[in-house]
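Here the structure is laid out as structure tokens; the discussion comes afterwards.
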Amino acid sequence: MENFQEAKKEVEKQTRELNVKLEEISQVRQVSESLQSCLHEKESSLRHLSSLHEKLRADCELKLKKLEGENKELAFAFDEVSERNKELEQNACASSREIEGLKRRVLTTERKCIESEQKARAAQRSEAER
């Protein structure tokens, strides 16, 4: 009977140890499931963020190409306007030189005209005095 009592105690001890181990396994399983759930959430978030990143990258690429095209157009327009401005400045300088030349001619012609008038008056006076 003593063996039976000892065996019974041993079985009870092993049962308690088994129950403790089962409880530990249950807790570890819950932690594992919780970690699995967190991992799935993070993977889902990562996929979502990766998708958003790819969309933003594609949008930025399109905007960059559009802006580069606009920049080329603006640079071309600027070059055309600069060239036209240079031509206009050259024409303005040429016109200014021409105007200055014409002013000198007008002054010279006016002086000659005044001198001729003075000579004509002087000649008329001289004839009148004779």
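Please treat every number below as a calculation from the coordinates, not as lab data. Here the structure is a predicted model, which is why all the values come from computation and not from measurement. Neighbour counts are summed over all protein chains in view; Cβ atoms, including those assigned to glycine, are modelled from backbone coordinates with ideal geometry.
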Using a basic spin-label model with each label point 7 Å from the Cα along Cα→Cβ, how many nm lie between residue 124 and residue 25?
-> 14.3 nm
Where Cα atoms sit under 15 Å apart: lysine pairs in the chain separated by 8 or more or lying on different chains | 4
Extending each Cα 7 Å along its Cβ direction at residue 18 and residue 48, get the distance between those two points in nm, one decimal.
-> 4.6 nm
Spacing of the two label points (7 Å from each Cα toward its C-beta) at residue 86 and residue 109, in nm = 3.7 nm
Under a 10 Å cutoff between Cα atoms, tell me which one of 85, 71, 19 has the largest fluctuation in the Gaussian network model of the chain.
-> 19
Using a Gaussian network model of the chain with C-alpha springs under 10 Å, which one of 36, 90, 14 is most mobile by mean-square fluctuation?
-> 14
Between residue 35 and residue 57, Cβ-based FRET efficiency (R0 22 Å, step 0.05) works out to 0.10
Would you mind classifying the chain by shape? Square roots of the alpha carbon gyration tensor eigenvalues, ordered a ≥ b ≥ c; an a/c under 1.5 is rounded, otherwise it is prolate if a/b is larger than b/c and oblate if not.
-> prolate
Within the set of other residues whose C-beta is less than 13 Å from the C-beta of residue 39, count the net charge using Lys and Arg as +1 and Asp and Glu as -1.
-> -1
